[in-house]
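**Student:** Before I ask anything, here is the structure I am working with.
The values are calculated or read from the model by the stated rules, or taken from the named source; none is laboratory data. Remember, predicted model here, so these are calculated numbers, not experimental data. Using ideal geometry, Cβ is built from the backbone for each residue, glycine included, and neighbour counts are taken over all protein chains shown.
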Amino acid sequence: MQANDPYPHYIEFRHVHKTFDKPVLVDVNFHVDAGETVAIIGRSGVGKSVTLSHIMGFLKPDSGRVIVAHEDITDMGEEDLRRIRRKVTMVFQSGALFDSMTVAENILFSLELREDYDQRNKEDVVNGLLHLVDIPQARDMYPADLSTGYKRAVAIARALAAQPQCVLYDEPTTMVDPIMSDHMGDLIVRLKKQLRLTAIVVTHDLDLMYKVADRVVFLYEGQVIFFGPVGDLQRSDHPHIRAFLEMDRVVRV
């Protein structure tokens, strides 16, 4: 980035407000640099998923600016947003897989509009991605035959098939067992190192946050009450943050 670049951060929220029946995002400011992983945490209903929807362009702010892939997407039309979404993709909680397709076919779906692979290349890419996310044995299975954790892994492989610059993970460890949860964290870290992906991880899972995040956005009632390195979060004296961290400690005990 040049010194005078107006959008030096890969993703940035500038004074973003969003209201539905009540305020959901209130003067939200944070940024994500290229190659960085930022976790967004907080209790249910504080605006975490709404934040991701703004990054994908599914929602527009009532006021403020949303920067994605070093571009201001706030007023972009659908055609330009489709271009941005080739750079930034989202892995949904549900996996959003096609039930009538095998795992391999689900991944191939992301390659169908690409011109840089012939059919043989595509098969190689599918096999490579399944090995990357550690589920090569699931190639010919259908989503109904998979656990929640495996579905998430397939969804990540499908997202990576499009060669994005950035992946948004929406609660990647919700409703998975502890072993798979740990594996998902390892996978997110490995993808960052191997592919140099930029990432945002929305999560309730503090173990996951500690494992993957460079910095943390803590949302409380739609406001950012903390934005900074993970280590600084643990030292915060904000009462809502202390209560959140203490509740997690009690649950562990």
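**Student:** Within the stretch 67-85, track down each residue that is surrounded by 14 or more Cβ atoms within 10 Å (Cβ to Cβ), out of contact with any Gly (no Cβ under 6 Å at 6 or more places or on another chain) and closer than 25 Å to L191 by Cα.
**Tutor:** I67, V68, A69, H70, E71, I84, R85
**Student:** Continuing with this model, one more query. Against the conditions (1) under 20 Å from E221 (Cβ atoms); (2) out of contact with any Lys or Arg (no Cβ under 7 Å at 6 or more places or on another chain), where does H70 fall short? Just the number, please.
**Tutor:** (1)
**Student:** If you take the residues in the stretch 209-241 that are among the small types (G, A, S) and buried (at least 19 other Cβ atoms within 10 Å of the Cβ), which one is nearest to the chain's Cα centre (by Cα)?
**Tutor:** It comes out as A213.
**Student:** I need the full set of residues from the stretch 87-96 which are modelled with pLDDT under 90 and not small (G, A, S), in order please.
**Tutor:** F92, Q93
**Student:** Out of the residues in the stretch 93-115 that are under 14 Å from the mean Cα position of the chain (by Cα) and crowded, with 17+ Cβ neighbours inside 10 Å, state the one that is farthest from L130 (Cα to Cα).
**Tutor:** My answer is Q93.
**Student:** Identify all residues within the stretch 136-158 that are surrounded by fewer than 21 Cβ atoms within 10 Å (Cβ to Cβ) and not charged (D, E, K, R); write none if there are none.
**Tutor:** P136, Q137, M141, Y142, A144, L146, S147, T148, G149, listed by residue number.
**Student:** Right, another one. For the stretch 16-33, enumerate the residues that are under 21 Å from the mean Cα position of the chain (by Cα) and surrounded by fewer than 15 Cβ atoms within 10 Å (Cβ to Cβ).
**Tutor:** Scanning the stretch 16-33 gives a single hit, N29.
**Student:** Let me ask you something else. So, in the stretch 1-15, of the ones that are buried (at least 16 other Cβ atoms within 10 Å of the Cβ) and of a type in the set (A, V, I, L, M, F, W, C), which residue ends up farthest from the chain's Cα centre (by Cα)?
**Tutor:** F13
**Student:** Can you tell me which of K151, K122 is among the charged types (D, E, K, R), modelled with pLDDT of 90 or more and outside the structural domain of A39 (by TED's automatic domain parsing)?
**Tutor:** K151
**Student:** Determine the pairs where a residue that is touching a residue at least 24 places away in the same chain (Cβ under 8 Å), located within the stretch 37-66, has a partner that is among the charged types (D, E, K, R) and in a helix (DSSP H, G or I) with Cβ atoms under 7 Å apart, the partner being 6 or more residues away or on another chain.
**Tutor:** T37/K192; I40/K48; G42/K48; M56/R85
**Student:** For the structure I just gave you, tell me whether I40 is modelled with pLDDT of 95 or more, over 17 Å from D170 (Cβ atoms) and within 19 Å of the chain's Cα centre (by Cα).
**Tutor:** Here the answer is no, as I40 does not meet what is asked.
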